[in-house]
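Asks: If you scroll down you'll find the structure; I have some questions about it.
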Amino acid sequence: MLKRSWAFHLIRFGGLTFLALLAGWFSGHTILITCLFLALYLAWTFYNSLRLHRWLQSWDSNPPESFGMWADIFDRIAALQKQNIKRNLQYQQVIDDFEGLADAFPDATLVINDQGLIRWFNDSAVQLLDLKTPADKGQAITNLIREPAFADWLSVQDKLHSNLEIACPTDDNISLQINAIRFRKNQRLLILRDITDVRNLERIRQDLVANVSHELRTPLTVMIGYLEILRAQPEESNPEAIERMYLQARQMHDLLEDLLELSRLENNQRSDSADVVDVPALLAQLAEQAEEVSQGQHKIIFKVEPGLNLHGTEADLKSAFQNLIVNAVNYTPAKGKIKVTWQETSDEIVLSVTDSGIGIPHRDIPRITERFYRVGDDRNRKTGGTGLGLAIVKHVLHSHEARLEIKSAIGKGSEFCCIFPLARKA
């Protein structure tokens, strides 16, 4: 197609007009000839405009035949039409690839707008939530997932990012983990993952640990009893061997007790107890225990805000606080300093346990609350720990809607902060 500018067409129109004027001048009818030329030109323009209108309505791939300026217009629109068709095919291919990829995704995936209305979902969502196409498009997501906890969770996802675990609305035996990801300005991507197998395996593990611990505790208690009798006999021929056996048995007994405690906490994910826990009195007891463990080798300071109590389970909170304070004593060298602070800030309630001990390497801090995780080769063995203390702390805090923050530096000490929401204040 020959591309010509509007200047070319204007010059050609001017040339034709000049010829019409010249012909009228020679014939002596200048005005008549000029008007006739303009009328024919307008009629030709109107005719081509009508052809353009009909072509655009039918959107035939072949443009009308013409010449001059209108031939260029038709050809240019036809070229743009081909480019548009090609671009639409490319876009459609991208959409088809995305939908194919999304349908192959094993997790149920939905797109909702800022009003919570469903705009799109994949095949996994159809199977998991029994959605119907297109009937459920445009429906409110809370009409399909009616769990009250889901609506509360979804309403705060603009301010914080968290996961939610609920039962599947179509099958109570299926456990779902839901994650919300914001994209564009007013849309969110909901990903629902079936974690039933994971939860079943976790439950089997918890039951196994609890059952084995229960079965071992009774014979171990009997063994400790006989070893205590042997320790009390001064004529015993090998007291050192009996003492080592007794200490190992006691350590095994402590390990079983921690395993049972951890199993109980894992089965009770949230403490809804309305009991008022007198935290200052609780910390006063723990201060005495800390002094006994320290045996005067450390400077221990308790700074407690009086009357600051919590709603929760006293035994669980005592276990968590005791683990943190005893750890601080055990991992702080003699003449070191340990400070325990219980106070209310502007928006939180905080228990802080700070020590001047050996510290924790930065790389180990994210894993320090895992079961049996040990920092160094024999750190826990030297102090007689079971490796479960901080795991217990984490679960107790989780059940009380609190969190644990850890700061530490090698050779400078550590700070463990239990941070509770103000809603837990009694």
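The values are calculated or read from the model by the stated rules, or taken from the named source; none is laboratory data. As the structure is a computational prediction, the values presented were derived from the model and not from experiment. Reconstructed Cβ throughout: ideal geometry from the backbone, glycine too, with neighbour counts over all protein chains shown. What goes into the accessible areas is simple: the full protein's heavy atoms, side chains included, and nothing from ligands, DNA or RNA. Shrake-Rupley method; radii C 1.70, N 1.55, O 1.52, S 1.80 Å.
Asks: Just one of the numbered conditions (1) under 25 Å from THR196 (Cα atoms); (2) within 18 Å of the chain's Cα centre (by Cα) is not true of LEU128; which one?
Replies: The number of the failed condition is (2).
Asks: Pull up segment 174-213, narrow it to residues that are in a strand (DSSP E or B) and without any contact (Cβ under 8 Å) to a residue 12 or more places away in the chain, then point me to the one that is farthest from GLN127 (Cα to Cα).
Replies: Once the filter is applied, the top-ranked residue is PHE183.
Asks: When the residues of segment 276-289 are filtered to those that are surrounded by 14 or more Cβ atoms within 10 Å (Cβ to Cβ) and either at pLDDT below 80 or in contact with a strand residue (DSSP E or B) (Cβ under 7 Å, 6 or more places away or on another chain) (or both), which remaining residue is farthest from LEU220 (Cα to Cα)?
Replies: Out of the qualifying residues, it is PRO280.
Asks: Continuing with the same structure: Going by the conditions given, is PHE46 open to solvent by less than 80 Å² (accessible area, probe 1.4 Å) and more than 30 Å from ASP194 (Cβ to Cβ)?
Replies: Answer is no for this residue.
Asks: For residues that are surrounded by fewer than 16 Cβ atoms within 10 Å (Cβ to Cβ) and either within 17 Å of SER124 (Cα to Cα) or touching a Phe, Trp or Tyr at 6+ places or on another chain (Cβ under 8 Å) (or both), scanning just segment 157-173, find the one that is modelled with the lowest pLDDT.
Replies: Taking segment 157-173 first, the residues surrounded by fewer than 16 Cβ atoms within 10 Å (Cβ to Cβ) are 158-163, 165, 167, 170-173.
From what's left, either within 17 Å of SER124 (Cα to Cα) or touching a Phe, Trp or Tyr at 6+ places or on another chain (Cβ under 8 Å) (or both): 162, 167, 170-171.
On the way: SER162: 79, ALA167: 89, THR170: 87, ASP171: 87.
Among those residues, the one meeting the criterion is SER162.
Asks: So ILE77 ticks every box in (1) in a helix (DSSP H, G or I); (2) over 30 Å from ILE178 (Cα atoms); (3) free of Cβ contacts under 8 Å to residues at least 12 places away in the same chain but one. Which box is left unticked?
Replies: With (1) in a helix (DSSP H, G or I); (2) over 30 Å from ILE178 (Cα atoms); (3) free of Cβ contacts under 8 Å to residues at least 12 places away in the same chain applied to ILE77, the lone miss is (3).
Asks: Report, by residue number, each residue of segment 389-414 that is acidic (Asp, Glu) and over 20 Å from ARG371 (Cα atoms).
Replies: Kept after step one, since they are acidic (Asp, Glu), are these residues of segment 389-414: 401, 405.
Within segment 389-414, just GLU401 meets the criteria.
So that you can scan it fast, the table gives a plain yes or no per residue for (1) closer than 23 Å to SER49 by Cα; (2) modelled with pLDDT of 85 or more:
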position	(1), (2)
TRP70	yes, no
ILE77	yes, no
GLN81	yes, no
ARG87	no, yes
ALA102	no, no
ARG119	no, yes
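Asks: Do you know which residues across segment 230-245 are out of contact with any helix residue (DSSP H, G or I) (no Cβ under 9 Å at 6 or more places or on another chain) and either at pLDDT 80 or above or of a type in the set (Asp, Glu) (or both)?
Replies: GLU235, GLU240, ALA241, ARG244
Asks: From the list GLY296, GLY307, which residue is more than 18 Å from ILE392 (Cα to Cα), without any contact (Cβ under 8 Å) to a residue 12 or more places away in the chain, not in a helix (DSSP H, G or I) and not acidic (Asp, Glu)? Lay out the reasoning, then the answer.
Replies: Values: GLY307 fails: without any contact (Cβ under 8 Å) to a residue 12 or more places away in the chain.
Answer to the check: GLY296.
Asks: Going through segment 26-40 one residue at a time, which ones are farther than 15 Å from PHE13 by Cα, assigned to a helix (DSSP H, G or I) and open to solvent by 70 Å² or more (accessible area, probe 1.4 Å)?
Replies: PHE26, ILE31, LEU32
Asks: What helices (runs of 4 or more DSSP H), lying completely within segment 115-156, carry at least 1 residues that are open to solvent by 50 Å² or more (accessible area, probe 1.4 Å) and among the small types (Gly, Ala, Ser)?
Replies: In segment 115-156, 148-155 are the helices (runs of 4 or more DSSP H) which contain 1 or more residues that are open to solvent by 50 Å² or more (accessible area, probe 1.4 Å) and among the small types (Gly, Ala, Ser).
Asks: Could we say that LEU201 is within 30 Å of SER162 (Cα to Cα), open to solvent by less than 40 Å² (accessible area, probe 1.4 Å) and not hydroxyl-bearing (Ser, Thr, Tyr) here? Give the steps one after another, and end with the answer.
Replies: On the way: within 30 Å of SER162 (Cα to Cα): yes; open to solvent by less than 40 Å² (accessible area, probe 1.4 Å): no; not hydroxyl-bearing (Ser, Thr, Tyr): yes.
Considered against the rule, which asks whether it is within 30 Å of SER162 (Cα to Cα), open to solvent by less than 40 Å² (accessible area, probe 1.4 Å) and not hydroxyl-bearing (Ser, Thr, Tyr), LEU201 comes out as no.
Asks: Oh, and also: Mind listing just one residue for me: the one in segment 305-332 that is surrounded by fewer than 19 Cβ atoms within 10 Å (Cβ to Cβ) and touching a Ser or Thr at 6+ places or on another chain (Cβ under 8 Å) and, of those, farthest from GLY413 (Cα to Cα)?
Replies: Here the residue is HIS311.
Asks: Now, a different point. Residue pairs, Cβ under 8 Å, 6 or more apart or interchain, first in segment 349-369 and over 15 Å from GLY411 (Cα atoms) and without any contact (Cβ under 8 Å) to a residue 40 or more places away in the chain, second open to solvent by 20 Å² or more (accessible area, probe 1.4 Å) and among the charged types (D, E, K, R). List them.
Replies: Matching pairs, first to second residue: THR369/LYS394.
Asks: Right, here's the next one. Any residue in segment 217-233 that is of a type in the set (Val, Ile, Thr) sitting within a Cβ distance under 8 Å of a residue that is in a helix (DSSP H, G or I) and open to solvent by less than 70 Å² (accessible area, probe 1.4 Å)? List the pairs, counting only those 6 or more apart or interchain.
Replies: Matching pairs, first to second residue: THR221/HIS253; ILE224/TYR246; ILE224/ALA249; ILE224/HIS253.
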